[in-house]
Amino acid sequence: MKKSKCFLKKLFFNSFLFNNLVSNDSNNNLKNDSIDNYLNKYVYEPAEDSQLLFDATKIILNDFSYNLKINNSNNNNNNNNNNNNTNKNKNKNNNDNNKNRKSMKKILEIGGGSGFVSEKIYELLSETKNESYNLFNEMTITDINPFALKYLKNKFKSIKKNKTIKKNVTNTINITNKKKITNKTINNNDKNKIKIKIKKSNLFKNIHKKYDLILFNPPYLPSDPLDIDDWLNKALVGGKKGNEVILNFIEKLPCFMKQNSISLLLFSSLSSPDEIFKKMDEKALLYNKINEISFDFETIYVYKITKSKLYNYSNKIRLFSHGKKGNIYKIKNVAVKKSRRDDVIGNIKMEYDILNNLKNENYIPKVIKFGKDYDQKEYFLYKFIKGETLESFLNKKQNKKRILKIIISILISINNLDKKNIWKKEFNHPYKNILIKYPRSYLIDFERASFSKKTNMNQFLSFLKGNYMSKIYEKYNISFNKKEIEIIEKEYIKNRNNLNEIIKCFK
Ligand SMILES: C[S@@+](CC[C@H](N)C(=O)[O-])C[C@H]1O[C@@H](n2cnc3c(N)ncnc32)[C@H](O)[C@@H]1O
């Protein structure tokens with residue numbers, strides 16, 4: 001049976017800890033030990049996870065190329081249509097060049113370790129004759145581990161040195177001139193020159209700009225906290241549930257992404273993935289699996305993470321409530337309701353249409369806009385209502401007048417809905433889907449609503465007749481004529497015109 005490298009890593013890790021307990025002066029070792037000895041002793045040795053992250057990166061880089069090709073062909077078409085005015089075109093080209101320089105893409109690898117992933121990307125971008133890789137001109141590699149940083153610097157120094165030697169051999173020509181003879185190196189790879197920056201940073205702490213592609217193969221194994229502060233421990237263990245470092249990474253990630261940036265994050269089935277998905281939802285990040293690899297005890301995944309369209313409105317997005325069907329986000333004084341379901345299309349649109357139909361009524365949240373996110377999930381924006389649920393209102397100390405005022409305001413709204421043939425449902429348990437901002441009440445959550453001749457009033461009256469409300473009437477000395485209401489209710493179903501008679505049953 002195949003054992004995952006992670007499992008082997010754990011075994012190795014335990015024996016390493018033992019050795020390290022004996023001599024644990026890592027900073028001294030940094031000065032004394034040779035870099036050749038770093039790997040596997042102080043610096044994470046690349047394994048299947050490293051390869052998986054690189055494979056995912058290759059897929060994503062090709063996506064970038066594909067998008068570039070589409071953009072280019074669109075630009076070419078536009079240029080062909082406009083080639084009459086040459087001066088205008090020259091200016092345009094200059095502007096385009098400036099724009100292109102500015103729009104050169106930058107990659108950040110957090111926790112670069114031995115540089116396995118970054119080196120392969122570097123080779124791919126600088127050596128492969130793929131015109132669209134020219135889009136990238138900078139790669140920043142970070143790590144929290146000083147040994148890894150020394151290892152990385154050493155590695156990239158020798159990569160660059162080898163590359164220059166190779167170029168000099170293959171591309172050097174003699175240019176003879178009467179006055180001077182020069183050896184000039186024609187650098188075929190000029191276009192693909194990738195600037196490498198190596199930085200010490202704890203996650204994003206020392207990062208000050210946004211990147212187009214952000215990669216992270218984090219420490220993702222769960223383990224109890226260990227007192228021993230060693231670097232292989234930091235490379236492997238991601239906290240008690242394996243996801244502490246990952247959750248911190250996701251928390252800060254949006255600040256370092258442009259609207260169309262991509263991040264690739266690796267984690268394991270052992271890192272409590274549900275908490276990772278929840279965190280990404282919380283930050284309004286979209287995610288989908290790029291690749292995975294399975295072993296006896298675990299599966300390792302790489303997820304592609306992008307920013308939701310909601311970031312176009314503001315960077316300050318906060319998850320207000322997390323539901324099975326949908327999430328509600330708050331952006332300043334606006335709320336966004338977004339579907340979480342892949343299998344249901346049209347529900348959010350239906351809810352938006354119904355609320356839009358009611359936009360002149362003062363008992364519903366005012367809708368602002370409907371949209372579809374990049375993941376095709378529907379959402380709509382509405383004005384946030386700062387209120388409390390009916391349940392919370394009724395549980396607080398109130399008085400008879402306040403309770404009656406709220407009951408009457410809800411009865412008026414429900415009668416209005418009934419007259420418009422909008423059947424909202426869920427009025428038998430309206431504890432959470434009626435908001436109170438005394439003296440007003442708001443009906444929320446129209447996700448199951450439809451146009452129908454059925455009445456909402458019956459459902460709400462059965463709630464008012466139930467045990468929960470009986471205790472409230474008793475507490476606040478409210479009299480409610482249940483017998484009379486049954487007769488009035490029958491009449492209501494026929495014409496919906498006797499709201500006043502219903503109201504009069506409460507004294
Ligand atoms: C699993 S290793 C991956 C190394 C390399 N990227 C690879 O794929 O082979 C995790 C790396 O993240 C680094 N690391 C751990 N915590 C970090 C943090 N908070 N900030 C930056 N790097 C961190 C570790 O030092 C280690 O080099």
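Results, tabulated for the structure shown:
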| quantity | calculated |
| --- | --- |
| Region 300-368 versus region 476-507: alpha-carbon centroid distance in Å | 37 Å |
| Most to least packed among 481-490, 410-419 [average Cβ atoms within 10 Å] | 410-419, 481-490 |
| Geometric extent, Cα atoms of region 439-489 - Rg, Dmax (angstrom) | 13.7, 38 |
| Too-long pairs where the Cα-Cα distance tops 27 Å, listed order kept, from 205/338; 153/279; 349/465; 105/307 | 205/338; 153/279; 349/465 |
| Over 31 Å (Cα to Cα) - which of 401/424; 453/475; 324/405; 58/309 fall in this group | 453/475; 324/405 |
| Carbon plus sulfur fraction of accessible area for region 270-348, probe 1.4 Å, in percent | 47 percent |
| Hydrodynamic radius (Kirkwood) for region 259-411, which is based on Cα pairs only, to one decimal in Å | 18.1 Å |
| Using distinct alpha-carbon pairs, which all enter the 1/r mean, Kirkwood radius of region 277-333 in Å | 13.0 Å |
| Residue-normalised accessible area of region 223-317, given per residue in Å² at a 1.4 Å probe | 43 Å² |
| Most to least packed among 354-364, 388-398 [average Cβ atoms within 10 Å] | 354-364, 388-398 |
| Convex hull volume per residue for region 386-446, taking Cα atoms only, in Å³ | 79 Å³ |
| Label-point separation in nm, residue 193 to residue 208, each point 7 Å along Cα→Cβ | 2.3 nm |
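The values are calculated or read from the model by the stated rules, or taken from the named source; none is laboratory data. What you are looking at is a predicted structure, and each value in this text was computed from that prediction instead of being measured. No Cβ is skipped: glycine too gets one built from the backbone with ideal geometry, and neighbour counts run over all protein chains shown. Protein only, heavy atoms only, side chains kept; ligands, DNA and RNA dropped before computing areas. Shrake-Rupley method; radii C 1.70, N 1.55, O 1.52, S 1.80 Å.
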